[in-house]
Amino acid sequence: MKPALLAALALVIGAHDAAAEPVAPAAGVKSRTIGYVLTHRKWAVYTTPGAKQECPHGINEGEREQFKRLYPDDGTQRTVLDTQLKWEGDTWHPSLGPEPYPFYTVEGTVGTGLNLDGKTGPNDFTSPDGEKGIDNQLYRAIGCLAGYNNSQPYMSFYEENAMRRYAFNRLLIEITDLDDLTNDPDVTVTTYRGLDSLPGDASGDSYIPGGTQHVDARWGKEFIHTFKGRIKDGVLETGPGDFSVAESIAFDSTGTYKMKDARFRLTLSPDGAKGFIGGYSEVWAWYLQLNNGWATHHQNYGQVSSPSLWRALNRLADGHPDKDGHNTTISSAMDVRFAQAYIVHPDKKVADDAAAPRAERASR
């Protein structure tokens, strides 16, 4: 056989072998799918030393200080009904009247989160790396509360600790239709509630990738949401959609944070993901979850006054007006980290049973 023919034949055989050999997927990617479990979550609050930049007037007083202002120790005889119980009533049925106490909101221009509306407005923040148009009015409302902005932010610390501690709070995301973890123009992101604990290391703050998480298809249906997205240079960005995340802090105080027009921006790796989940939080759901999770006594540890915060949330609400033109949502962002996890779905019968109407299940 002539040398030229032999060389051509070798090229054909080599090309065939290369084409036949599958490209190894990234670690954790199986069947065009990768899953992650949430390990860290806090409301995105940009802080500077001593809060000097964002809170030039200082950190707010809490309910204990406001209570003393309202009912000073001046010798006046007052009943429990007219003081403590009235305060609790105002906490659960807050007014939208004028703010009777000093209450400071963030005045700085730097903040973290996402540009939710694609615009740059006068009330928007600029991120520390220069991105303009950041929509995060929740930060403006809570950024001068010690429970969220302090050297030891009480509320943020315990909410994140409980998020990791209680399985009720387990948030999963699963990326499907995945061809490339670095660049992929069309992927699907689905959120679920998981059922398993988090595999942590000895430090107590890091979590081991590669664990298993079973999907709660029976009682976690309200937490299943689907988003379309793309990956560019290792960063996942999704389009908007409704989003709910479970929240339990202590003493079985279960609840839900709800966002409209939520979207994800996460830097992905085979072992984990980090970034932001941004959206418009429902004001009443956010406030209700605060009071469900934290008694008045415990809110005071973070110098949080829920009646004052309620008025601030409504003043700053910037989305989804009702029929009277009153905004019902407030732009917000969660600062999040995930560890890679293998997500296990229930078999079809279990899923079908969970999806069936309650009356139908009871009749079986």
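The values are calculated or read from the model by the stated rules, or taken from the named source; none is laboratory data. Since this is a predicted model, take the numbers as computed values, not measurements. FYI the Cβ positions are ideal-geometry reconstructions off the backbone, even for glycines, and counts take in every protein chain you see.
Of the residues making up the range 88-121, those that are among the hydroxyl-bearing types (S, T, Y) and either closer than 27 Å to H298 by Cβ or modelled with pLDDT under 90 (or both) are T91, S95, Y101, Y104, T105, T112.
Among the listed residues G293, G278, identify the single one that is crowded, with 22+ Cβ neighbours inside 10 Å and of a type outside the set (F, W, Y). Steps first, answer last, please.
Working: G293 fails: crowded, with 22+ Cβ neighbours inside 10 Å.
Matching residue, one of G293, G278: G278.
Among residues of the range 314-333 that are at positive phi, those with a beta-carbon under 7 Å from a residue that is modelled with pLDDT of 95 or more at least six positions away or on a different chain give the pairs H320/K260; H320/Y280; H320/N327; H320/T328; H320/T329. If you go through the range 149-178 and keep only what is closer than 18 Å to Y257 by Cα, in contact with a Lys or Arg (Cβ under 8 Å, 6 or more places away or on another chain) and part of a loop (DSSP other than H, G, I, E, B), you end up with just R170. Please work out which residue is surrounded by the most Cβ atoms within 10 Å (Cβ to Cβ), limiting yourself to the range 199-219 and to residues that are more than 13 Å from I343 (Cα to Cα) and modelled with pLDDT of 90 or more. Of everything passing the filter in the range 199-219, R218 is surrounded by the most Cβ atoms within 10 Å (Cβ to Cβ).
For first residues located in the range 116-138 and within 22 Å of Y104 (Cβ to Cβ), partners that are crowded, with 24+ Cβ neighbours inside 10 Å and β-branched (V, I, T) and lie 6+ apart or on another chain with Cβ distances below 7 Å form the pairs D124/I134; F125/I134; T126/I134; Q137/I330; L138/I330.
Any residue in the range 64-87 that is modelled with pLDDT of 90 or more, among the aliphatic types (A, V, I, L, M) and surrounded by 12 or more Cβ atoms within 10 Å (Cβ to Cβ)? No, the range 64-87 contains no residue that is modelled with pLDDT of 90 or more, among the aliphatic types (A, V, I, L, M) and surrounded by 12 or more Cβ atoms within 10 Å (Cβ to Cβ). Within the range 196-227, the residues that satisfy the criterion of being in a strand (DSSP E or B) and closer than 19 Å to T267 by Cβ are Y207, F227.
Scanning the range 168-200 for residues that are out of contact with any helix residue (DSSP H, G or I) (no Cβ under 6 Å at 6 or more places or on another chain) and under 11 Å from I249 (Cα atoms) gives a single hit, F168.
Condition test on F338, is it surrounded by 15 or more Cβ atoms within 10 Å (Cβ to Cβ), in contact with a Leu (Cβ under 7 Å, 6 or more places away or on another chain) and either under 19 Å from N136 (Cβ atoms) or at pLDDT below 95 (or both)? Quick ask: steps written out before the conclusion?
Values: surrounded by 15 or more Cβ atoms within 10 Å (Cβ to Cβ): yes; in contact with a Leu (Cβ under 7 Å, 6 or more places away or on another chain): yes; either under 19 Å from N136 (Cβ atoms) or at pLDDT below 95 (or both): no.
So F338 fails the test.
Under 17 Å from I343 (Cα atoms) and surrounded by 15 or more Cβ atoms within 10 Å (Cβ to Cβ): is that true of D196 in this structure? Walk me through it before giving the result.
On the way: under 17 Å from I343 (Cα atoms): yes; surrounded by 15 or more Cβ atoms within 10 Å (Cβ to Cβ): yes.
Yes; evaluated as a whole, the condition is true for this residue.
Out of the range 248-261, which residues are surrounded by 23 or more Cβ atoms within 10 Å (Cβ to Cβ) and within 18 Å of H40 (Cα to Cα)?
Initially, the range 248-261 is screened for residues surrounded by 23 or more Cβ atoms within 10 Å (Cβ to Cβ), giving 249, 259.
Hit for the range 248-261 is I249, nothing else.
For K42, state whether it is basic (K, R), part of a helix (DSSP H, G or I) and surrounded by 11 or more Cβ atoms within 10 Å (Cβ to Cβ). The answer is no for K42. Within the range 65-112, the set of residues being assigned to a loop (DSSP other than H, G, I, E, B), closer than 20 Å to L313 by Cα and among the charged types (D, E, K, R) comprises E99, E107. Out of E247, E237, I need the residue that is in contact with a Lys or Arg (Cβ under 6 Å, 6 or more places away or on another chain), among the acidic types (D, E) and in a strand (DSSP E or B). Which one? Going through E247, E237 in turn, the sole match is E237. Among the candidates G50, G118, the residue that is within 29 Å of L171 (Cβ to Cβ) and of a type in the set (G, A, S) is uniquely G118.
Looking at E222, E159, can you tell me which residue is of a type outside the set (A, V, I, L, M, F, W, C) and under 30 Å from A51 (Cα atoms)? Can you show your working first?
Values: E222 fails: under 30 Å from A51 (Cα atoms).
Only one candidate qualifies: E159.
In the set (1) at pLDDT 95 or above; (2) under 15 Å from the mean Cα position of the chain (by Cα), the condition left unmet by L178 is number (2). Only one entry in A250, A246, A295, A262 is within 30 Å of E63 (Cα to Cα) and without any contact (Cβ under 8 Å) to a residue 40 or more places away in the chain, namely A295.
Find the residue count for the range 160-170, including only residues that are surrounded by fewer than 23 Cβ atoms within 10 Å (Cβ to Cβ) and in contact (Cβ under 8 Å) with a residue 12 or more places away in the chain.
Kept after step one, since they are surrounded by fewer than 23 Cβ atoms within 10 Å (Cβ to Cβ), are these residues of the range 160-170: 160-162, 164-169.
Narrowing further to those that are in contact (Cβ under 8 Å) with a residue 12 or more places away in the chain: 160, 162, 164, 166-169.
So the answer is 7.
Looking at the range 321-328, is at least one residue under 28 Å from L178 (Cα atoms) and not in a helix (DSSP H, G or I)? Give the derivation first.
Initially, the range 321-328 is screened for residues under 28 Å from L178 (Cα atoms), giving none.
The answer is no; no qualifying residue exists.
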